[in-house]
Amino acid sequence: MENSFPAIREMIHLRRATPDDIPLLQRWDDDPDVVASNPNDDWEWEDTFAQPSPAKESLIAEPDGRPIGFLEILNPALDEERYWGDTPPEVRAIDIWIGEPELRGRGHGTEMMRQALARCFARPEVGATLIDPLASNVAAHRFYLRLGFEFVEERRFGPDDCHVFELTRERWSALVGNSTAFHAMK
């Protein structure tokens, strides 16, 4: 199947996050834009790496071996924290952020999402992916809509009002198969 997402200048490699990444992740967590997009999340990085969960895949994005962002793929049905509540086993949820401010808005997030979605849908049992930006984060809403996600509902997660977006396998397959539509995305 042809890769129909727009190409970026630097290829992103996703690697597993490790305890050695904790200082970098904590620094990114303190960035004002990251805080603004997720003000009430405490990632508890030490716990994440001390007790890895089969429900989560934590990844660092690197163009040319330089860490620039974080990506987590979650199987909500296996998640002990039950953040997403009762979710069918064929659903995955994605968290993504570019940690380095000067590298935002350059296509890296699109490439990270392309790879995350390809990872999710490479498993035949996965039928849909979810994302939950803050209701007030209009730029994120536009980003996910451009990638083919569809708005599902407004939902409160803890103290945060969020918009839930979904991308089904069927929609993903149709979009990936339509390279003209994806080449037009920016």
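The table that follows gives values for the structure above.
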| read-out | value |
| --- | --- |
| Region 48-109 and region 143-179: distance between their alpha carbon centers, rounded to Å | 16 Å |
| Two-site FRET efficiency, A122 against M11, from Cβ-Cβ distance with R₀ of 22 Å, rounded to 0.05 | 0.75 |
| Rounded if a/c under 1.5, otherwise prolate or oblate - region 12-183, Cα gyration tensor axes | rounded |
| In sequence order, calculated HN-Hα J values of region 84-99 (Karplus, 6.51, -1.76, 1.60; Hz; x Gly/Pro) | 8, x, 6, 10, x, x, 8, 9, 10, 10, 10, 10, 8, 7, 8, x |
| Kirkwood Rh, angstrom, region 61-128 [1 / mean 1/r, Cα pairs] | 13.2 Å |
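Bear in mind these aren't lab numbers, they're just calculated from the coordinates by the rules spelled out. Note that this is a predicted model, so its numbers are computed, not measured. Cβ atoms come from the backbone with ideal geometry, glycine included; neighbour counts cover every protein chain shown.
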